[in-house]
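Note sheet for the following structure.
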Amino acid sequence: MKIMVTGGAGFIGSALVHHLVARGSDEVLVLDCFTYAAHPASLAPLHNQPGFRIIRQDIRQAREVMNIVMSERPDAIMHLAAETHVDRSISGSAPFVETNINGTWALLEASRSLLDSLDAAARERFRFLHVSTDEVFGSLGEAGAFSEATPYDPSSPYSASKAAADHLVRAWSRTYGLPVLLTNCSNNYGPRQFPEKLIPLMLLNALEGLSLPVYGDGLNVRDWLYVEDHARALDLVLRRGRPGETYAVGARNERTNLELVGLICDRLDEKAARAEGPRRQLIRFVSDRPGHDRRYAIDPGKIEKELGWRPLTDFEAGIERTVNWYLDNPSWWRPLREAR
């Protein structure tokens, strides 16, 4: 199978690409414009692998995207390219609208043209997998979990742009018959995550003895999914999911932000104690951000029952792996920290 992965140099995208290349049976084509959050080093180990290629392209450039899709003629497009940082969307929403909405439209139109040009067998094989977020559903109360049937209620410019993209994907399925699949995932963590995100930010700040800013009272809850488990889920949805269906992907690992930051501090203290004392002393509460959703949690029952997916990574073990990876790979993250 020839698979095009948009955003393949980003955090989740690179984990997915590593997973697909390791299978050894697919041709994997990364389409990425290498914004600030896409790190070439994340894909460097794959450069000599057979069937792996990178095309540098901005998905907002519709004509160029059309030309690439029509010339490459992939069997599947796995669409992960997006602007994703909530804080950045609050201070400047335009790139989120341009990339997450307009870029998705450009890919859908290119996919529609490709589908129209295929013979019956190739049309039957083609899939467009759109990777979205649980943030489109808004905030939960103290009980319950998001599912595929949860109404949309986005709170930030980021989540609103992803919600709009989800609706476009479904519309292209219903109007044009495009064989689409959608996933909505919980918060991901693991190796190669850009240092502005919560876990690597806190981990690296704590490692360097810097302040650990926690929004509000620190009791906002997130459901954490190890990125390699997510990559397996996406691969499974692509190959076995039913066109037109949505699959919620989560690991039932709910933690408050304060619990999470404390766990990171404890793991670092075990590996490299500070003369100044425990790293929990670095935690500082700061003013909450606008529209900060209180709790996210996902019920992954559908993907578990229909496709047999299960997360394989225990949360504490995943945090241990993540801490170890950042300790072992300063050459990956240090240039990004210094470029701030």
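The values are calculated or read from the model by the stated rules, or taken from the named source; none is laboratory data. Keep in mind the model is a prediction, meaning the values are calculated, not measured. Counting neighbours? That spans all protein chains shown, and the Cβs are built from the backbone with ideal geometry, glycine included.
Might you check whether a residue that is in contact with a Leu (Cβ under 7 Å, 6 or more places away or on another chain) and of a type outside the set (Val, Ile, Thr) occurs anywhere in the range 82-99? Within the range 82-99 (the criterion being in contact with a Leu (Cβ under 7 Å, 6 or more places away or on another chain) and of a type outside the set (Val, Ile, Thr)), the answer is no, since none of the residues qualifies.
Among the residues of the range 270-280, the one identified as under 10 Å from GLY209 (Cα atoms) and under 31 Å from the mean Cα position of the chain (by Cα) is ARG279. The residue list VAL237, VAL249, VAL261, VAL227 contains one member that is in contact with a helix residue (DSSP H, G or I) (Cβ under 9 Å, 6 or more places away or on another chain), more than 23 Å from ALA37 (Cβ to Cβ) and of a type in the set (Val, Ile, Thr), which is VAL237. Among the conditions (1) charged (D, E, K, R); (2) more than 20 Å from ASP134 (Cβ to Cβ); (3) touching a His at 6+ places or on another chain (Cβ under 8 Å), ASP235 misses just one, which is (2). If you check ARG255, ARG240 for being at pLDDT 95 or above, within 23 Å of GLY218 (Cβ to Cβ) and charged (D, E, K, R), only one passes: ARG255. The number of residues in the range 98-154 being part of a loop (DSSP other than H, G, I, E, B) and among the polar types (S, T, N, Q) comes to 3. Condition (residue is closer than 21 Å to ASP229 by Cβ, at pLDDT 95 or above and in a strand (DSSP E or B)) applied to the range 79-90: is it met by at least one residue? Yes, the range 79-90 has at least one match.
So for the range 116-125 (the condition being small (Gly, Ala, Ser) and within 20 Å of the chain's Cα centre (by Cα)), does at least one residue qualify? Within the range 116-125, not a single residue is small (Gly, Ala, Ser) and within 20 Å of the chain's Cα centre (by Cα). Are any residues in the range 5-47 surrounded by fewer than 17 Cβ atoms within 10 Å (Cβ to Cβ), within 15 Å of LEU236 (Cα to Cα) and among the hydrophobic types (A, V, I, L, M, F, W, C), and if so, which ones? Across the range 5-47, the qualifying residue is only ALA22.
For the range 127-172, how many residues are modelled with pLDDT under 95 and either in contact with a helix residue (DSSP H, G or I) (Cβ under 6 Å, 6 or more places away or on another chain) or not small (Gly, Ala, Ser) (or both)? Counting residues in the range 127-172 that are modelled with pLDDT under 95 and either in contact with a helix residue (DSSP H, G or I) (Cβ under 6 Å, 6 or more places away or on another chain) or not small (Gly, Ala, Ser) (or both) gives 1. Per this entry, GLU124 is not counted among residues that are of a type in the set (Asp, Glu), out of contact with any strand residue (DSSP E or B) (no Cβ under 6 Å at 6 or more places or on another chain), modelled with pLDDT under 95 and loosely packed, with under 15 Cβ neighbours inside 10 Å. I'd like to check something: does the range 159-171 contain any residue that is in contact with an Asp or Glu (Cβ under 7 Å, 6 or more places away or on another chain) and either closer than 30 Å to ASN324 by Cα or of a type outside the set (Lys, Arg) (or both)? Checking the range 159-171: at least one residue is in contact with an Asp or Glu (Cβ under 7 Å, 6 or more places away or on another chain) and either closer than 30 Å to ASN324 by Cα or of a type outside the set (Lys, Arg) (or both). Taken over the range 26-48, the criterion of being in contact with a Gly (Cβ under 9 Å, 6 or more places away or on another chain) and more than 24 Å from VAL86 (Cα to Cα) is satisfied by ASP26, GLU27, VAL28, LEU29, VAL30, LEU43.
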